[in-house]
Amino acid sequence: MNQVPLWAEFTLFLAVIMMLFTTVLSYYIYNREQNRNIDAELKANHSLLNLRMANMEDYINALSGFAIMPVYSSDFYAMLLTKDPLDDVSVESIRSTVHSYFYTRSDVLSYHMYLLNQKLNIGRNSRAEVVRVNKAHGFQNMDSYKQCLENPKNYALLPPVDASALMRFAHSIIQIEDRSIVAIVEFEVDESSIAYLASQNAGPREIICLYNGDGDLLYTTAPESEKAVLRGFSAEENASLFLEEETVSRPVYRMLGEENYLLARTKSNDGELYMTSLVPVADVLSQVKQTRRFALMIGVIFLFFAVLAAHMLIRYLSAPLTALVQYQKDFGEGRAVTSRLGRSRESAELSRSFNEMTSRINALVQKNYVAELNEKNAKLAALEAQVNPHFLYNTLQAIGTEALLNDQTSIYKMLTGLASNLRYSIKAENVVPLSDELKYVDNYIMLQQCRMGSRLQVNMMIEPEALSAPIPKISVQPLIENSILHGMEGDRDSIRILLTIRMSTEKLYIQVSDDGVGIPEEKVEELRQNFKSQTLADKNQSIGLANLYNRLLILYGDQIDLTIESKTGEKSYTVVELQVPRTRLNGLGE
């Protein structure tokens with residue numbers, strides 16, 4: 001397998017890091033400039049909208065003054081207030097005055113005056129030639145009447161009936177005493193005023209929209225195909241956007257067709273008009289995109305020269321390592337080499353370490369020849385030592401036979417038991433049936449009883465089905481030995497031990513209990529800590545439970561458990577229980 005040189009890996013790594021750094025930096029700068037341009041455009045559009053709205057409010061105030069002109073004529077105002085039927089001369093006088101009002105403003109397309117007390121409608125629309133007088137009822141149901149009634153300034157802005165008009169403007173004329181409405185003046189105006197305001201300082205693709213307080217679109221500079229979408233940008237639905245100062249700095253975007261627009265908005269002081277400006281985001285960011293292309297080009301050039309410089313630097317720094325690799329190849333082929341690397345303190349130290357290593361390896365090679373000779377001698381000695389156990393077994397058997405011939409049955413029994421246990425401990429498998437382990441335990445107890453006599457009493461309660469269960473060799477006898485050694489301390493001259501073995505579907509439970517002197521609490525706690533820390537007990541200690549536990553832990557893992565309960569003083573006792581899994585684990589099992 002071909003391996004990549006270290007200098008190439010470092011160069012590639014630095015190239016990737018620099019590329020990521022350049023990309024992230026370019027992205028950050030681009031986003032920052034983009035946000036700056038959007039914020040600047042938003043503030044500029046908002047300032048222009050405020051100026052346009054101020055001019056629009058002046059225009060509305062002028063319309064209000066025009067609408068209440070009849071009030072300045074006391075005779076005309078008196079005719080509006082009277083509830084008595086007017087004669088024909090008075091009606092004609094009102095019609096003539098309305099006719100005069102209509103022609104005083106060039107932007108008025110239609111004009112109507114609704115006399116509520118007389119139930120008359122006097123006026124003309126944009127398609128009529130003369131001012132007409134008509135009977136009319138249900139003024140209270142008119143939108144203009146309802147909105148003038150609700151507006152503290154007594155006027156209303158309504159969508160036009162004539163498609164060529166900007167809006168309908170309605171203003172109420174009230175009776176001073178009770179402020180009840182006696183007449184409604186309603187007229188439509190053309191788009192000349194707002195068209196002039198919208199054209200002032202407008203961008204080439206900027207769209208200006210004017211909404212009334214109900215969210216109805218009154219005017220827009222957008223193409224006819226997009227007016228339906230703009231009518232959905234209800235000023236009433238977005239009322240919260242116009243109430244907070246944060247809307248000046250918080251960008252809002254709207255989609256028109258396939259293009260995204262930046263929305264700026266403002267409202268009149270009385271909340272009856274809303275004006276929005278939509279500028280294509282692409283136009284706002286056109287300068288930023290040019291800057292981004294230039295920045296990317298500079299970044300690519302910088303990246304190229306940075307990677308080239310890094311490559312040259314890495315090749316220079318890694319040259320001692322390349323030389324060291326060649327030294328190692330020469331040494332591996334058996335040639336005597338001495339490294340001479342300089343250039344830096346680290347390289348010199350590496351060269352010195354390499355020379356020391358080669359010197360030590362040469363010394364170890366010489367020692368290896370001696371070690372091989374010693375190994376051959378050790379194998380011969382091992383072959384010779386294999387006859388020793390057989391000699392010991394045969395010697396014990398010969399002594400037992402001699403004892404039996406001289407009617408020393410107890411000595412014969414002890415010698416054969418000792419020989420059997422010796423053979424078991426040396427030649428038996430690591431895992432044996434429980435029945436074999438119990439034979440070993442019986443021989444051990446027999447040898448102890450030959451020494452202690454009736455002072456040692458051992459009883460066993462073994463479930464028959466447990467006899468075939470596999471168990472590690474010499475795992476029950478240490479529990480018996482622990483009871484004898486510990487239970488007979490002090491002035492105690494006898495002990496009773498009970499060995500209980502039972503089996504469940506998953507585990508084998510081995511419990512040894514005695515009525516000896518017990519184990520002090522601090523000693524029990526020390527044993528438990530040894531279990532937890534997996535520490536082997538000191539070989540000079542009389543208690544080998546920690547050693548047994550750790551031996552079983554190596555074989556079974558955490559599936560084994562060894563517990564100790566003990567009490568000293570009056571009615572002392574010790575209970576040790578070992579739990580061994582029946583399932584196969586770490587090479588053990590049925």
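Restrict the search to region 75-157; then list the chymotrypsin sites (Phe, Trp or Tyr not before Pro) that DSSP places in a loop and that have at most 10 other Cβ atoms within 10 Å of their Cβ. Here the chymotrypsin sites (Phe, Trp or Tyr not before Pro) that fit, given the DSSP loop and packing criteria, are 103. What region 126-222 shows is 48 Å² of accessible area per residue, with the surface traced by a 1.4 Å probe over protein heavy atoms. The string of couplings for region 129-139 from the Karplus curve (6.51, -1.76, 1.60, θ = phi - 60°) is 9, 10, 7, 10, 10, 10, 6, 8, 9, x, 4 Hz, one whole number per residue in order, with x for Gly and Pro. Scanning residues 5 or more positions from residue 582 or on other chains, those with amide H under 5 Å from its amide H are 507, 508, with H placed 1.01 Å from N in the peptide plane. Normalising the average separation of contacting C-alpha pairs (under 8 angstrom, six or more residues apart) by the number of residues puts the relative contact order of region 409-533 at 23 percent.
Within region 427-568, antiparallel bridges make up roughly 60 percent of the DSSP beta bridges whose residues both belong there.
Converting phi to 3J(HN,Hα) with the Karplus coefficients 6.51, -1.76 and 1.60 and the offset θ = phi - 60°, region 100-111 yields 5, 4, 4, 8, 7, 10, 7, 8, 8, 9, 8, 8 Hz in sequence order, with x at every glycine or proline. The HN-Hα couplings worked out from phi for region 454-459 by the Karplus form 6.51 cos²θ - 1.76 cosθ + 1.60 (θ = phi - 60°) are 6, 5, 10, 10, 10, 10 Hz, whole numbers, x standing for Gly and Pro.
For region 102-187, run through the trypsin sites (Lys or Arg not before Pro) and keep only the ones in DSSP coil with at most 10 other Cβ atoms within 10 Å of their Cβ.
Working: sites: 105, 119, 124, 127, 132, 135, 146, 153, 168, 179; in loops: 105, 119, 127, 153, 179.
Hits after loop and neighbour filter: 127, 179.
The simple spin-label model puts a point 7 Å past each Cα toward its Cβ; for residue 506 and residue 129 those points are separated by 10.9 nm. Taking the accessible area of region 68-226, probe 1.4 Å, and keeping the other protein chains in place, the carbon and sulfur fraction comes to 49%. The amide H of residue 215, built 1.01 Å from its N in the peptide plane, has 235, 236 as neighbours under 5 Å, considering only residues 5 or more places off or on other chains.
Solvent-accessible surface of region 415-478, averaged per residue with a 1.4 angstrom probe and all protein chains in place: 49 square angstrom. In this structure, the amide hydrogen of residue 432, modeled 1.01 Å from its nitrogen in the peptide plane, lies closer than 5 angstrom to those of 471, 473, counting only residues at least 5 positions away or on a different chain.
Taking R0 as 25 Å, what FRET efficiency do you get between residue 40 and residue 293 from their Cβ-Cβ distance, rounded to the nearest 0.05?
Values: r = 21 Å, r/R0 = 0.82.
Here the calculated transfer efficiency is 0.75.
Over region 1-98, accessible surface divided per residue gives 63 Å², non-protein components excluded, 1.4 Å probe.
Largest accessible area first, the listed residues 322, 401, 276 line up as 322, 401, 276 when surface is computed with a 1.4 Å probe on the assembled protein chains.
The values are calculated or read from the model by the stated rules, or taken from the named source; none is laboratory data. Just so you know, these numbers come straight off a predicted model, no measurement behind them. Cβ coordinates were reconstructed from backbone atoms using ideal geometry, including for glycine residues, and neighbour counts include every protein chain displayed. In case anyone asks, the SASA skips ligands and DNA or RNA and just uses the protein heavy atoms, side chains included. Shrake-Rupley method; radii C 1.70, N 1.55, O 1.52, S 1.80 Å.
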